[in-house]
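Read the structure below first, then the notes.
The values are calculated or read from the model by the stated rules, or taken from the named source; none is laboratory data. All figures in this text were calculated on a predicted structure; none of them were measured in a lab. Glycine also receives a Cβ, built like all others from the backbone with ideal geometry; neighbour counts cover every protein chain displayed. Each accessible area value is taken on the protein alone, full model and side chains, heavy atoms only, with ligands, DNA and RNA left out. Shrake-Rupley method; radii C 1.70, N 1.55, O 1.52, S 1.80 Å.
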Amino acid sequence: METKTIGILGGGAWGTAFAQALARGGHKVHIWALEPEVKESVNSEHENKRYLPHIKLSPNITVSNDIVEVAADKELLVVASPSLYLADTIKKITSVPNIADGSTIILALTKGFVPSVDGPKLILETIENVLPGIYKGNTVYVSGPSHAEEVAMGKLTGLIAASENPKQSIRVREMLKVPSLMVYASFDVVGVQICAAAKNVIAVVYGALDAVAEHSEVFGDDAASLLLAAGLNEIQTLGMAMGATHAETFTSIAGIGDLDVTCKSKYGRNRHFGQDLIKEDILSDFTDIDDLIANISKIGYLPEGVVACKYIHEIAEKKNIKLMICDGLYRILNKEIRPLDFLSALLMKGNIHA
C-alpha cells in the first residue's frame, strides 16, 4: 500500500484512535489538537494522556497546535472535532491551497447535529456549507460500531464510508484498508449520519435502564432487548423522515451494529451517563437541558447523546413524528419527568413500537 500523509482535525479519543489505526497501516498521521498538553505527550511520549491514556501510539503520529499546518498538503483530511465546534473549525482551513482547490478528500467522523438559524443540520451539510463549492456532494462520512479504545488497540472494527459521490466512497474505502479495519461503501449519506447521532440518545436511556435493572424485580435483559429494538425503530423513523435512501442502512453496522455496541459496551460514555442519571443523580446540578449543555464540561466526559437529544426533539416537532424514547429523554434532561417514572411508563404500559 502506498504510504500517505494524512491530517486529522481533533486530538480527542476518537481522532487519536483513528490516527493509530492509519499509522498501523504505515501512513504518516498529523493531528491538530487545541491543547498544548496533547501535543507534548504525544510527540514526546507517544501517548495521549488526556484523552486516550495507557495506549502506546505509533511514532508515525505527530501533533501540532497549528490547524493550517495540519491541513496543508494532505491527500486526505479527517474531521474529528466535536459537533458544537465543527463549523468554526472548518472555517479555519478554507484558505489552505489544497482545500481551496478541492484536491484534498474530506472525511468526517464527527457525530451529532449542528445548530443553525434554520434548525439542526447534519454533519456533512454543515461542512459542505463552509467549504468551497467543489466539495458539495463530495465529502465522505465514516461511521460504525467503533469504540476508540478498541480501535486504538487494533481490535477488528467494521466501518461504513458514505458519500453522495460513489467514487469518493470507494476511494476512502481503499485508503482505509489498514490492519484491523474493514470498511464498506454506502451512498445513504443521510441514513448513516442519522444512525451515528441518534444511537447515542438511545444509549443514554439504555444506561439508565441498566442501572435500574440492577435492583429491579421488573426490568432485566428482556426489557433491555425491548428497548434496543424500539430504539432502532425510532432511529429508522427519524432517518426516513429526514431523507435516508436505503432501509437496509438501519440493519447494517451503521445502524443496529453501532446501536448495539454503544448501548452495551463498557467504553460507552452515553451508557455511562445514563447510569449516572440513576446512580449519581447527575442532573441535580443543572436546571434544565440548556443549562446541562452549556455546562456539559462539568460532567467530566462528553455524552454526545445529550446534545443530540435536544436537536432530535426539535426535528421531531417540526416534522410531526413521534419518538417516544428520544422525547422521554428530552423531558428527563429538561427535568420534566424522573427517569424511573419514564422507564416504567415506557416499558410497562406499551408506549413503544418494537
Looking only at the range 187-194, decide whether some residue is in contact with a Gly (Cβ under 8 Å, 6 or more places away or on another chain), hydrophobic (A, V, I, L, M, F, W, C) and open to solvent by 10 Å² or more (accessible area, probe 1.4 Å). yes
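So, in the range 1-24, how many residues would count as being more than 21 Å from the chain's Cα centre (by Cα), open to solvent by less than 60 Å² (accessible area, probe 1.4 Å) and at pLDDT 95 or above?
Within the range 1-24, residues that are more than 21 Å from the chain's Cα centre (by Cα), open to solvent by less than 60 Å² (accessible area, probe 1.4 Å) and at pLDDT 95 or above number 1.
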Subset of the range 253-274, residues part of a helix (DSSP H, G or I) and open to solvent by 10 Å² or more (accessible area, probe 1.4 Å), comes to 253, 256, 257, 260, 261, 264, 269, 271, 272
- Task: Can you confirm whether the range 188-197 contains a residue that is touching a strand residue (DSSP E or B) at 6+ places or on another chain (Cβ under 7 Å) and over 30 Å from residue 343 (Cα atoms)?
- Result: yes
In this structure, is residue 216 in a helix (DSSP H, G or I) and either open to solvent by 10 Å² or more (accessible area, probe 1.4 Å) or of a type in the set (Asp, Glu) (or both)?
-> no
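Take residue 109 and decide whether it is crowded, with 22+ Cβ neighbours inside 10 Å, under 24 Å from residue 294 (Cα atoms), without any contact (Cβ under 8 Å) to a residue 60 or more places away in the chain and touching a Ser or Thr at 6+ places or on another chain (Cβ under 9 Å).
no
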Quick count over the range 222-252, residues being open to solvent by 60 Å² or more (accessible area, probe 1.4 Å) and not in a helix (DSSP H, G or I), is 2
Residues in the range 150-179 that are surrounded by fewer than 17 Cβ atoms within 10 Å (Cβ to Cβ), of a type in the set (D, E, K, R) and within 20 Å of the chain's Cα centre (by Cα) total 1
Within the range 313-340, the residues that are closer than 30 Å to residue 217 by Cα and open to solvent by 70 Å² or more (accessible area, probe 1.4 Å) are 322, 324, 331, 335, 336, 338, 340
The range 106-204: helices (runs of 4 or more DSSP H) wholly inside it with 2 or more residues that are in contact with a Lys or Arg (Cβ under 9 Å, 6 or more places away or on another chain) and of a type outside the set (Asp, Glu) are 123-130
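Name the residue, out of 80, 87, that is in contact (Cβ under 8 Å) with a residue 40 or more places away in the chain and crowded, with 20+ Cβ neighbours inside 10 Å.
80
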